[in-house]
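Participant: Dropping the structure in here first, questions after.
The values are calculated or read from the model by the stated rules, or taken from the named source; none is laboratory data. This structure is a prediction, so every number in the text was calculated from the model and none was measured. Here the Cβ positions follow ideal geometry from the backbone for every residue, glycine too, while neighbour counts run over all protein chains shown. Remember, those area values only see protein heavy atoms, side chains included, never the ligands or the DNA or RNA. Shrake-Rupley method; radii C 1.70, N 1.55, O 1.52, S 1.80 Å.
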Amino acid sequence: QVQLVESGGGLVQAGGSLRLSCAASGRTFSSYAMGWFRQAPGKEREGVARIDGTGYSTYYSDSVKGRFAISRDNAKNTVYLLMTNLKPEDTAVYYCAAGSTIATMNSWGQGTQVTVSS
């Protein structure tokens, strides 16, 4: 199955910005819908953003809408998550995922830690 590797996590202050990247292996990257999910300590995993294979359709959770932006570069087999105006409650491990459709995510990356200090 497709292999996913996240990068770009780190420590930032509240109000700061961070850009996550997810590099995918495979010859048919444009066929995959992609998504970003996060899980904070003591909380269930939350889907924060999704994008279809062409980039035509994007979806965001209410908690990040207006602050986060998902995009993809199919020529580079990479999906991005630009996070702005970060809040302490955004602190979590962020995971990249891929699937046949936006609703079906079958492959997952190892996660990258994002910590927002107040």
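Participant: Pull up the cross-link candidates among the aspartates and glutamates for residue 43, meaning alpha carbon to alpha carbon under 14 Å and not fewer than 8 places away within one chain.
Facilitator: 89, 90
Participant: Let me ask you something else. So with the 1.4 Å probe, I'd like the accessible area per residue for the chain, rounded to whole Å².
Facilitator: Per-residue accessible area for the chain comes out at 52 Å².
Participant: Treating only the Cβ of Lys, Arg, Asp and Glu as charged (+1, +1, -1, -1), what charge dipole size does the chain show about its Cα centre? Round to the nearest 20 debye.
Facilitator: Dipole size: approximately 140 debye.
Participant: If you don't mind, another one. Given contacts defined as C-alpha pairs under 8 Å and at least six residues apart, what's the relative contact order of the chain, whole-number percent?
Facilitator: 36
Participant: Continuing with this model, one more query. Between 48, 79, 12, find the one with the highest GNM mean-square fluctuation for the chain; connect C-alpha pairs within less than 10 Å.
Facilitator: Largest GNM mean-square fluctuation: 12.
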